1. Return the only residue of B:Asn70, B:Asn19 being closer than 21 Å to B:Val148 by Cα, of a type outside the set (A, V, I, L, M) and surrounded by 14 or more Cβ atoms within 10 Å (Cβ to Cβ).
2. Can you go through B:Asp164, B:Asp232 and tell me which one is surrounded by fewer than 17 Cβ atoms within 10 Å (Cβ to Cβ), at pLDDT 95 or above, of a type outside the set (Gly, Ala, Ser) and over 16 Å from the mean Cα position of the chain (by Cα)?
3. Please report, ordered by residue number, the helices (runs of 4 or more DSSP H) entirely within the range B:1-97 with at least 1 residues that are touching a residue at least 12 places away in the same chain (Cβ under 8 Å) and charged (D, E, K, R).
4. Give the residues of the range A:116-132 that are of a type in the set (Ser, Thr, Tyr) and open to solvent by less than 40 Å² (accessible area, probe 1.4 Å), sorted by residue number.
5. Take the range B:99-115 and flag every residue that is open to solvent by 30 Å² or more (accessible area, probe 1.4 Å) and more than 16 Å from the chain's Cα centre (by Cα).
6. Do we have A:Arg207 as touching a residue at least 60 places away in the same chain (Cβ under 8 Å) and within 7 Å of another protein chain (Cβ to nearest Cβ) here?
7. Within the range A:119-232, which helices (runs of 4 or more DSSP H) (wholly inside it) include 3 or more residues that are within 27 Å of A:Gly63 (Cβ to Cβ) and not hydroxyl-bearing (Ser, Thr, Tyr)?
8. From the set of residues in the range B:22-41 that are of a type in the set (Ser, Thr, Tyr) and modelled with pLDDT under 95, which is farthest from B:Val130 (Cα to Cα)?
Protein chains: 2
Amino acid sequence: MKGSPDALEAQIIRSWNTNASPWARAIQAASIHSRKLVTDKAIVDAVLGVRPLRVFDIGCGEGWLARALNVYGIKVTGIDAVPALIAAAAHHGGGQFQVGDYGAVAERQLQCGPFDAAVCNFSLLGKESVESLLGAIPGYVGAGHLIVQTLHPVAACGRHPYRDGWRAGSWSGFGAEFSDPAPWYFRTLESWVSMLRRNGLELLECREPTAPESNAPASVIFICKTRLPIAD
Amino acid sequence: MKGSPDALEAQIIRSWNTNASPWARAIQAASIHSRKLVTDKAIVDAVLGVRPLRVFDIGCGEGWLARALNVYGIKVTGIDAVPALIAAAAHHGGGQFQVGDYGAVAERQLQCGPFDAAVCNFSLLGKESVESLLGAIPGYVGAGHLIVQTLHPVAACGRHPYRDGWRAGSWSGFGAEFSDPAPWYFRTLESWVSMLRRNGLELLECREPTAPESNAPASVIFICKTRLPIAD
């Protein structure tokens, strides 16, 4: 991938602004097979497992996860950088929603919290934006939890070398109404675990939601808690 | 895989007794490509990284890792269930070696320790034997480290469903002098991380040694330390 780091990060936001409408329709029609089959339930179960009362849904999109958690009495605040997605989320309700990018979260510019848990469901796509976001998580959740679901690095590597780097996006498998796919920053499992730890997060579980009889996991879910300030 | 759990565990030991001589020759001739290229250096680096003075090499085989660590002034005690491999290790020197199976380690029947770190290099092959072994590690290393290298579950799953279970072994890629391959217990990454944690071990790093330009890791290395007795 060519492009400066800042340009690639900006391209992610631009792409989601471009595709907000078809994305919201796809989510609401539950037309993404892997989500419907495996990963939606997996992230809801993972969040419920840490028994939070207040959840920060970072990169909430059109808000389906907030609504799913709200059914269990959980108060959810969702943020997303894409105004059209936040408008869709607010329209459906089930939480409080506000427009904000990860820079705003990292710099604590948002009026929200504290929370018992933060969740990022397939929403950590960039490089520096993700690093600085994670560093801010303990400030929002105190001694609470962070739950991240993302593509499983080993299963999603494809024919590229297995190492960190920017990759071109694709809407392959989505409809013709999607365009301008966003680049994304590939991280190995080693890099994910390392990044979590150096941002003050201890890995408790590493779940691998897998479709029945599949020979590879559909995603990976990291369940972390804020580390006590003890040196290794 | 058919067979009682005890029979499968016994079959592992039987197979290694059968193949001890060709195995020792293969290791000493450095004829296993992936080991020579990637995983041997990776495990030595991982152990050196925790700066131990005394290391417990569990399932040491013919002792190459003990000798490699001894070069750095580390005192190594190696145990293995296979007498012929221990005899080869003692012949080459570089550590203290004794015959013992994982049951003996788990039940603290061995006269050895304490250690700063324990290492299991491709030596955790069974089911219950491994579970009970790990539970005993904190007793040997105190507040020290455990380092495990094993096949990478996602990369090594093959065409089987991605879930825990006994699998048939194979000497495919090895010479005709190898026979009676041992069954082994496949664990997902989720299961490995979970098993380490419930045995009192905190995962610090999850390294993925990878051959240059390969699109999958050659192995996974878990670097853990004994957890302080704090509830989640």
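The values are calculated or read from the model by the stated rules, or taken from the named source; none is laboratory data. Since the structure is predicted, the reported quantities are computational estimates derived from the model, not experimental observations. Using ideal geometry, Cβ is built from the backbone for each residue, glycine included, and neighbour counts are taken over all protein chains shown. With ligands, DNA and RNA removed, areas are computed over all heavy atoms of the protein, side chains included. Shrake-Rupley method; radii C 1.70, N 1.55, O 1.52, S 1.80 Å.
1. Details: B:Asn19 fails: closer than 21 Å to B:Val148 by Cα.
Result of the check over B:Asn70, B:Asn19: B:Asn70.
2. Numbers: B:Asp232 fails: at pLDDT 95 or above.
On inspection, the qualifying residue turns out to be B:Asp164.
3. On the way: elements: B:5-28, B:40-49, B:64-70, B:83-92.
Passing ranges, in order: B:5-28, B:40-49, B:64-70.
4. Taking the range A:116-132 first, the residues of a type in the set (Ser, Thr, Tyr) are A:123, A:129, A:132.
A:Ser123, A:Ser129, listed by residue number.
5. Once the filter is applied, which keeps residues that are open to solvent by 30 Å² or more (accessible area, probe 1.4 Å) and more than 16 Å from the chain's Cα centre (by Cα), the range B:99-115 yields B:Glu107, B:Arg108, B:Gln109, B:Gln111, B:Gly113, B:Pro114.
6. On the way: touching a residue at least 60 places away in the same chain (Cβ under 8 Å): yes; within 7 Å of another protein chain (Cβ to nearest Cβ): yes.
Yes.
7. Working: elements: A:128-141, A:153-156, A:189-198.
Filter on the range A:119-232 gives A:128-141, A:189-198.
8. Of the range B:22-41, the ones of a type in the set (Ser, Thr, Tyr) are B:31, B:34, B:39.
Then keep just the ones that are modelled with pLDDT under 95; that gives B:31, B:34.
Details: B:Ser31: 27, B:Ser34: 24 Å.
Restricting to residues being of a type in the set (Ser, Thr, Tyr) and modelled with pLDDT under 95, the top hit is B:Ser31.
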